[in-house]
1. Since K12 meets every condition but one in (1) part of a helix (DSSP H, G or I); (2) surrounded by fewer than 16 Cβ atoms within 10 Å (Cβ to Cβ), which condition does it not meet?
2. Taking the range 59-114 only, how many residues are touching a Gly at 6+ places or on another chain (Cβ under 9 Å) and of a type in the set (G, A, S)?
3. Inside the range 28-46, can you point out the residues that are among the polar types (S, T, N, Q) and more than 19 Å from D7 (Cα to Cα)?
4. Which of the residues belonging to the range 56-114 are more than 19 Å from T4 (Cα to Cα), in contact (Cβ under 8 Å) with a residue 60 or more places away in the chain and open to solvent by less than 100 Å² (accessible area, probe 1.4 Å)?
5. Could you list, in sequence order, all residues of the range 18-27 that are free of Cβ contacts under 8 Å to residues at least 12 places away in the same chain and either under 16 Å from I99 (Cα atoms) or in a strand (DSSP E or B) (or both)?
6. Restrict the check to the range 28-38 and report whether at least one residue is among the charged types (D, E, K, R), closer than 20 Å to G105 by Cβ and surrounded by 15 or more Cβ atoms within 10 Å (Cβ to Cβ).
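The values are calculated or read from the model by the stated rules, or taken from the named source; none is laboratory data. Predicted model, so just to flag it, every value in this text is computed and none were measured. Cβ atoms come from the backbone with ideal geometry, glycine included; neighbour counts cover every protein chain shown. These area figures cover heavy atoms from the full protein model, side chains too; ligands, DNA and RNA do not enter into them. Shrake-Rupley method; radii C 1.70, N 1.55, O 1.52, S 1.80 Å.
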Amino acid sequence: MTETIFDKIISKEISSDIIYEDDQYLAFSDINPQAPVHILIIPKKRIPTINDVDKSDAKTIGEMVLIAKKIAKNKQIDKDGYRLVFNCNDHGGQSVFHIHLHLLGGRQLNWPPG
């Protein structure tokens, strides 16, 4: 597999504003924020798209959501609310093929987004 920008962030070849890190996950500020709080949560294990998630990855997805919840509380957006989004493939808006959960908040988010 071709190395992605997220692989380079994980290996610290590219610096980023890291919000959370442990042995298996990394969360960092999005370089093109769509809200006052826009953080990406990624597993260090590369899974290219949501279509590539299988039953053995259920814990990974759950942990990503729990990390998002923890960050939302730390950023004090948990009470007003926030949005969690996975994009999948080109038409879904995915530009880096390493799954990532967007945590967006800090303002009123409208639907549909745009």
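1. Evaluating K12 over (1) part of a helix (DSSP H, G or I); (2) surrounded by fewer than 16 Cβ atoms within 10 Å (Cβ to Cβ) leaves (1) as the failure.
2. Looking only at that region, the number is 3.
3. Residues of the range 28-46 among the polar types (S, T, N, Q): 29, 32, 34.
Q34 - this is the single residue of the range 28-46 that is among the polar types (S, T, N, Q) and more than 19 Å from D7 (Cα to Cα).
4. Result: L103, L104, G105, G106, L109, P113.
5. Initial filter on the range 18-27 (free of Cβ contacts under 8 Å to residues at least 12 places away in the same chain): 18, 21-22.
Once the filter is applied, which keeps residues that are free of Cβ contacts under 8 Å to residues at least 12 places away in the same chain and either under 16 Å from I99 (Cα atoms) or in a strand (DSSP E or B) (or both), the range 18-27 yields I18, E21.
6. Scanning the range 28-38, I find at least one residue that is among the charged types (D, E, K, R), closer than 20 Å to G105 by Cβ and surrounded by 15 or more Cβ atoms within 10 Å (Cβ to Cβ), so the answer is yes.
Rundown of residues vs (1) of a type in the set (A, V, I, L, M, F, W, C); (2) touching a strand residue (DSSP E or B) at 6+ places or on another chain (Cβ under 8 Å), yes/no style:
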{"position": "D22", "(1), (2)": "no, no"}
{"position": "A27", "(1), (2)": "yes, yes"}
{"position": "K75", "(1), (2)": "no, yes"}
{"position": "L84", "(1), (2)": "yes, yes"}
